[in-house]
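The values are calculated or read from the model by the stated rules, or taken from the named source; none is laboratory data. Bear in mind the structure is a predicted one, so any value in this text is a computation, not a measurement. Here Cβ is always computed from backbone atoms with ideal geometry, including for glycine, and neighbour counts include all displayed protein chains. When the accessible area is computed, the model is the full protein with side chains, heavy atoms only, and any ligands, DNA or RNA have been set aside. Shrake-Rupley method; radii C 1.70, N 1.55, O 1.52, S 1.80 Å.
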Amino acid sequence: MNKITACPLDCFDACEVEYKDGKLKGKSSGHTQGFLCPHMNHFNKYERITTPRYKGEEISMDDALSKLRDILDANYKSETLYYRGSGNFGLMQEVNDHFFASVGATLTSGTLCDGAGEAGIIEGRGSNKNMPISEIAKSEVVVFWGRNPHTTSSHLLPLIKDKTIIVIDPVKTKIAQIADIHLQIKPHTDMYLAMMLTRFLHINNSCDYEYLEEKASEAEEFYELTQTVRIKSMLENMGITLGQVGDVLARIEDKRVAFVCGVGIQKYRDGSDVLRAIDAIAVTLGLFGKEGCGVAYLGNSKEGIESPFMTKAKRVSKVNTKFDEFKTVFIQGANPLEQMPNSQRVQNAMQYTENVIYFGLYENATSKRADLVIPAKTFLEKNDIRTSYSHNAMMEMPKVQESEIGISEYDLAHFLCEKYEIEIKTEEEYIEHFKSFAKRDEDGSLVVTAREDVPYSDGFDTDDNEFVFLEEIEIDRSANKIVLTKNRHKKREKSNDFYLLTPKSATSLNSQFKREESVYMHSESAYSEGENVIVASSVGSVTLAVKHNDALRMDTVLIYSGTKGVNNLTSSEVSWEGNSAAYQEEKVTIQLEKEIETKEENL
Ligand SMILES: Nc1nc2c(c(=O)[nH]1)N[C@H]1C(S)=C(S)[C@@H](COP(=O)(O)OP(=O)(O)OC[C@H]3O[C@@H](n4cnc5c(=O)[nH]c(N)nc54)[C@H](O)[C@@H]3O)O[C@H]1N2
Ligand SMILES: Nc1nc2c(c(=O)[nH]1)N[C@H]1C(S)=C(S)[C@@H](COP(=O)(O)OP(=O)(O)OC[C@H]3O[C@@H](n4cnc5c(=O)[nH]c(N)nc54)[C@H](O)[C@@H]3O)O[C@H]1N2
Ligand code: SF4
Ligand SMILES: [Mo]
């Protein structure tokens, strides 16, 4: 018989999965329409860790658990850090937060993902309530702004077939190739484009004035701020024309528009301002609170749900975590040695940690470094429930497969809580708790009760219910470049400096599954396919083979997230708002590996 569960992965689509005799298929109804994606289609084929080990020696699960207890006995309070990543999005994953928070260990705050953008959204709207995919389906125009739906949200594609598509992305992605308009903008210039669009809406008298008066009365002041962006020089800087801006305006005025944003636009320290400036366009057009209109980003998958777990804890940054300050680091569902920014820093810090414990499914740099490795159960082998950051359903994830391998998060937490006399409820009680935040739809599926399909219909969640526009930016006219206030960045530009994009790969989910191994460059760059080059930033370097891709700009190189060594290049400085990683802040230089070797030989 078919059993229904849901894909556990960190992905917009959060698909329901039909399980039959070890085979996974998309649920035939709903947005999945019978299809999953490469990760789930091949899920059972990826090699996983089957046996626990301590200091490289395989041991039994019982021995691994007593080892874990011994380690925690020695120093379980302030000297222990619990670091959880986003390998599995099930709500029960948090059950170990409960244990570690209860014993007084340290947890993390901040994110490697969407935090900068979210902070900007919250500053403007007072909360982060997302436009769900069911509403995107009702729009007339979809603006994909730093989102790559063919790779990261493919189930959206059937829903937008007959719509006007506008893409703003430095890469000519698949969606850009079929779009009505593609602005192949220079990386990190989105805020100025957003400001310019708002400015022209004012110039063209295309604002929703009634809406602005009621819900965004500072709109005039913001219009003044947009006028500080010089049009001609900024167009040159962005690499687009006034005609293209006009085309975009002509297509979004008086239409049901969905701005569908991704994380690409906010992998910078000022990432919060970008989302806030895009929100301002939507506000100016009066799009919030209307059917089929608004801004979709990564919502909060826990919106409308109260945690049953202990969450109050001392917390340290998840972006530039000082692992060396802890005797024990327990890592669950994460690969910090490869996915955190500045891998060398992480490696240096972790080498002083006495006990690194890795609780996960797959081998990676973190599992290799770990002193104690505890294999997890896959989502098929344990009970869970999940919600999504791009739709409002809650999906049950019952165990559908038996396995001798691994231990579930709940069983591990239960073991630990019993040992340390911490109260823990049954797994069923927790799952019922989560279900109490959902109601049944006509078709029997669960939907989170407190979530709205069309949020902000009654104004924003700020103190006075009005939208709060960005208030300041500063323009360095002499350099024709923009320098933000609060000592924001001033960068040196070298002719051999490239922008580094590190987006998501179709074959991996960050570092899970099949990982990429190349650096992508335009074919007219000075480097040939297959040549090994050293990509370097002020943080570090990595040697990778070149692959050509003419979807890229000449001033840009691309290394996918999950590629080994990509985060040698990225800086662990956190975003100005949102305590988030800023993976694309560093520019990189390229040098042939051969050239360096020859130079060394000549020394
Ligand atoms: N297949 C697959 N799916 C995934 C993931 C995965 O690893 N693989 N990861 C999941 C996770 S963790 C997340 S957070 C989501 C993210 O999903 P997306 O937001 O779609 O992810 P990205 O690929 O990082 O970025 C999207 C686009 O932003 C563009 N971009 C980069 N820099 C800029 C810029 O400065 N300006 C503009 N306008 N565009 C820019 C990139 O070229 C890219 O096409 O995807 C999830 N889904
Ligand atoms: N250069 C660059 N770096 C990036 C990004 C980027 O775009 N560019 N993206 C960032 C973003 S958006 C994100 S979200 C992070 C993601 O970074 P991480 O959270 O570290 O995610 P993954 O690399 O997917 O590793 C997840 C781990 O979870 C484990 N796992 C999977 N399922 C389970 C389970 O059921 N139980 C347990 N216990 N473990 C499980 C797997 O073994 C896997 O090793 O990476 C960030 N790093
Ligand atoms: S599209 Fe996303 S949610 Fe759907 S099966 Fe693939 S990874 Fe899972
Ligand atoms: Mo993410």
Within region 326-336, identify whether any single residue is buried (at least 21 other Cβ atoms within 10 Å of the Cβ), within 15 Å of E79 (Cβ to Cβ), assigned by TED's automatic domain parsing to the domain that holds A105 and not aromatic (F, W, Y), and answer yes or no.
yes
Do we find a residue being away from ligand 3 (no atom under 16 Å from the Cβ), open to solvent by less than 20 Å² (accessible area, probe 1.4 Å) and in the same structural domain as L72 (by TED's automatic domain parsing) anywhere in region 378-390?
yes
Restricting to region 72-120, count the residues that are of a type in the set (F, W, Y) and in contact with a helix residue (DSSP H, G or I) (Cβ under 6 Å, 6 or more places away or on another chain).
2
Considering only residues of region 132-153 that are within 16 Å of ligand 4 (Cβ to nearest atom) and part of a helix (DSSP H, G or I), which is surrounded by the fewest Cβ atoms within 10 Å (Cβ to Cβ)?
T151
Considering each of K439, K435 in turn, give the residue that is basic (K, R), on the phi < 0 side of the Ramachandran plot, without any contact (Cβ under 8 Å) to a residue 24 or more places away in the chain and surrounded by fewer than 21 Cβ atoms within 10 Å (Cβ to Cβ).
K439
For region 215-323, which fully contained helices (runs of 4 or more DSSP H) count at least 1 residues that are open to solvent by less than 40 Å² (accessible area, probe 1.4 Å) and of a type in the set (K, R)?
271-284
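Conditions tested, residue by residue: (1) away from ligand 4 (no atom under 16 Å from the Cβ); (2) in a loop (DSSP other than H, G, I, E, B); (3) in contact (Cβ under 8 Å) with a residue 40 or more places away in the chain.
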| residue | (1), (2), (3) |
| --- | --- |
| M1 | yes, yes, no |
| L9 | no, yes, yes |
| K25 | yes, no, no |
| H31 | yes, no, yes |
| H39 | no, no, yes |
| E47 | yes, yes, yes |
Exclusive hit being among the small types (G, A, S) and over 29 Å from L501 (Cβ atoms), set S233, S206:
S206
When every residue in region 83-131 that is within 16 Å of ligand 4 (Cβ to nearest atom) and among the β-branched types (V, I, T) is compared, the one nearest to the chain's Cα centre (by Cα) is T111
Meets criteria (outside the structural domain of A258 (by TED's automatic domain parsing) and not aromatic (F, W, Y)) for V103
yes
Members of region 394-421 that are of a type in the set (A, V, I, L, M) and open to solvent by 30 Å² or more (accessible area, probe 1.4 Å)
I405
On the basis of being farther than 30 Å from M40 by Cα, among the aliphatic types (A, V, I, L, M), free of Cβ contacts under 8 Å to residues at least 60 places away in the same chain and open to solvent by 40 Å² or more (accessible area, probe 1.4 Å), does I185 make the cut?
no
With N510, N602, N579, N567 as the choices, which residue is surrounded by fewer than 22 Cβ atoms within 10 Å (Cβ to Cβ) and modelled with pLDDT of 95 or more?
N579
On the given criteria, is S343 more than 16 Å from ligand 1 (Cβ to nearest atom) and touching a Leu at 6+ places or on another chain (Cβ under 7 Å)?
yes
Out of all the residues in region 519-561, which are surrounded by 20 or more Cβ atoms within 10 Å (Cβ to Cβ) and small (G, A, S)?
S537, S561
Give the residues of region 72-106 that are open to solvent by less than 20 Å² (accessible area, probe 1.4 Å), within 20 Å of K425 (Cβ to Cβ) and in a strand (DSSP E or B), sorted by residue number.
Y82
Where A116 falls short, out of the listed (1) more than 14 Å from ligand 1 (Cβ to nearest atom); (2) buried (at least 23 other Cβ atoms within 10 Å of the Cβ):
(1)
Count - residues of region 244-268 that are within 16 Å of ligand 4 (Cβ to nearest atom) and either polar (S, T, N, Q) or out of contact with any Leu (no Cβ under 9 Å at 6 or more places or on another chain) (or both):
2
Condition check: touching a residue at least 60 places away in the same chain (Cβ under 8 Å), open to solvent by less than 50 Å² (accessible area, probe 1.4 Å), away from ligand 4 (no atom under 16 Å from the Cβ) and within 20 Å of the chain's Cα centre (by Cα). Does Y499 satisfy that?
yes
In this structure, is Y410 outside any loop (DSSP other than H, G, I, E, B) and in contact (Cβ under 8 Å) with a residue 24 or more places away in the chain?
yes
Pair list, Cβ under 9 Å, 6 or more apart: region 104-116 residue more than 17 Å from A334 (Cα to Cα) and of a type in the set (A, V, I, L, M, F, W, C), other residue open to solvent by 10 Å² or more (accessible area, probe 1.4 Å) and within 12 Å of ligand 1 (Cβ to nearest atom)
A116/V263; A116/K267
Within region 24-72, track down each residue that is among the basic types (K, R) and within 16 Å of ligand 2 (Cβ to nearest atom).
K45, R48, R53
Against the definition (more than 16 Å from ligand 3 (Cβ to nearest atom), closer than 25 Å to H188 by Cβ, open to solvent by 20 Å² or more (accessible area, probe 1.4 Å) and among the charged types (D, E, K, R)), how does E516 come out, yes or no?
yes
Region 363-407, residues that are within 20 Å of A64 (Cβ to Cβ), part of a loop (DSSP other than H, G, I, E, B) and among the basic types (K, R)
K377, K382
Report, by residue number, each residue of region 49-67 that is closer than 16 Å to F415 by Cβ, in contact (Cβ under 8 Å) with a residue 60 or more places away in the chain and open to solvent by 50 Å² or more (accessible area, probe 1.4 Å).
K67
Could you count how many residues in region 231-285 are hydroxyl-bearing (S, T, Y), more than 30 Å from S505 (Cβ to Cβ) and in contact (Cβ under 8 Å) with a residue 24 or more places away in the chain?
2
Filtered residue count, region 540-561, keeping only those that are part of a loop (DSSP other than H, G, I, E, B) and touching an Asp or Glu at 6+ places or on another chain (Cβ under 6 Å)
1
